[in-house]
1. Taking 0.36 nm per residue of sequence separation and subtracting the Cα-Cα distance, how much length would be gained by fully extending the chain between residue 22 and residue 159, in nm to one decimal?
2. Once label points are set 7 Å from the Cα along Cα→Cβ at both residue 72 and residue 36, what is their separation, rounded to one decimal in nm?
3. From largest to smallest, what semi-axes in whole angstrom does segment 40-93 give when each is the square root of 5 times an eigenvalue of its alpha carbon gyration tensor?
4. Treating the angle as unsigned and between 0 and 90°, give the value, to the nearest 10°, between the Cα long axis of helix 73-82 and the longest Cα principal axis of the chain.
5. I want to verify a result. In a Gaussian network model of the chain, Cα cutoff 10 Å, which of these has the top mean-square fluctuation: 20, 128, 30?
6. Quick check on the exposure proxy: order 26, 50 from fewest to most C-beta atoms within 10 angstrom.
7. Going by how many other beta carbons lie within 10 Å of each one, how would you line up 136, 51, fewest first?
8. Return one number: the angle in degrees, 0 to 90 and rounded to the nearest 10, between the long axis of the Cα atoms of helix 88-97 and the longest principal axis of the Cα atoms of the chain.
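Read-outs throughout are calculated quantities, based only on the coordinates presented, and are distinct from any laboratory measurement. Values in this document were obtained by computation on a predicted structure and should not be read as measured data. Backbone-built Cβ (ideal geometry, glycine too); neighbour counts: all protein chains shown.
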């Protein structure tokens, strides 16, 4: 197997979840910062329409005054619109900042979740299919198992994906080679 980079921060975050004698062969963190994904081509325009309608409805209610509990419902729609417009991006950024990936001599580990941390482990000897998406930047994503992404997924819900990793083709090859041993 060729030598792959090992991000020391990722190694430190994954190390407590290793079995005795298990060795990290590769470790990385996903692409950090603001990222637009394919589904944003639909979600962003939808959230603009949703939020605009919610703001207009809330403005009308606030102009005439709040008479009952039902008059607060448009404010709930504003909150949902704000999450769709900006909150989900912040949530995604925070989740990816707390995510680390590793390939060991026995398994693939994904440690993720800013608000609710959890670790997912895939044994190499029984590894399901791998899906590879290459980006023009040289980065890419590897999906372990079912590669059908559910539309409108929430940030942090892809705990079977090595998202936005550098040199994804080589990492994919390394995983397959290690699984074949």
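1. So the chain would gain 47.2 nm between residue 22 and residue 159.
2. Taking the simple label geometry, residue 72 and residue 36 are separated by 3.7 nm.
3. Working: eigenvalues 123, 26, 9 Å².
Taking √(5λ) for each Cα gyration eigenvalue gives 25, 11, 7 Å.
4. 40
5. Maximum among the listed residues: 20.
6. On the way: 26 25, 50 17.
Listed from fewest to most nearby Cβ atoms, that is 50, 26.
7. Listing 136, 51 from fewest to most nearby Cβ atoms yields 136, 51.
8. 20
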